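Visitor: Quick one: the structure is below, and I'll ask about it shortly.
We did not get these values from a lab; they are worked out from the coordinates using the rules stated. Values in this document were obtained by computation on a predicted structure and should not be read as measured data. Positions of Cβ are backbone-derived with ideal geometry, glycine not excepted, and every protein chain shown enters the neighbour counts.
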Amino acid sequence: MQSRDLALLMLDHAGQLHPEYTREQQMLWAIGMLCDVVVTKTLNDNIVWQELSQRIDTLYMKKTPL
């Protein structure tokens with residue numbers, strides 16, 4: 001899916017879920033939904049990378065010299 005397709009899909013959902021909203025409000029709803037997902041994914045990615053880094057650091061600290 002291309003970014004344009006995703007934006008149009010979210011606007012379609014906004015229109016179906018909130019027909020009483022103005023077009024501008026529907027656009028804001030769609031942007032907010034997309035931003036929320038991006039922030040959550042970014043946070044999750046950061047947590048994964050931080051956990052991986054900590055595990056690698058722990059392995060190096062536990063490694064005994066040969």
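Visitor: Being among the aliphatic types (A, V, I, L, M) and within 27 Å of the chain's Cα centre (by Cα) is the filter here; which residues of the range 33-66 pass it?
Guide: M33, L34, V37, V38, V39, L43, I47, V48, L52, I56
Visitor: Now a separate question. Anything in the range 18-32 that is part of a helix (DSSP H, G or I) and surrounded by 13 or more Cβ atoms within 10 Å (Cβ to Cβ)? List them, or say none.
Guide: To start, the set of residues in the range 18-32 that are part of a helix (DSSP H, G or I) comprises 23-32.
Across the range 18-32, the qualifying residues are Q26, M27, L28, W29, A30, I31.
Visitor: Further question on the same structure: Please go through the range 1-17 and give me each residue that is among the polar types (S, T, N, Q) and part of a helix (DSSP H, G or I), ordered by number.
Guide: S3, Q16, listed by residue number.
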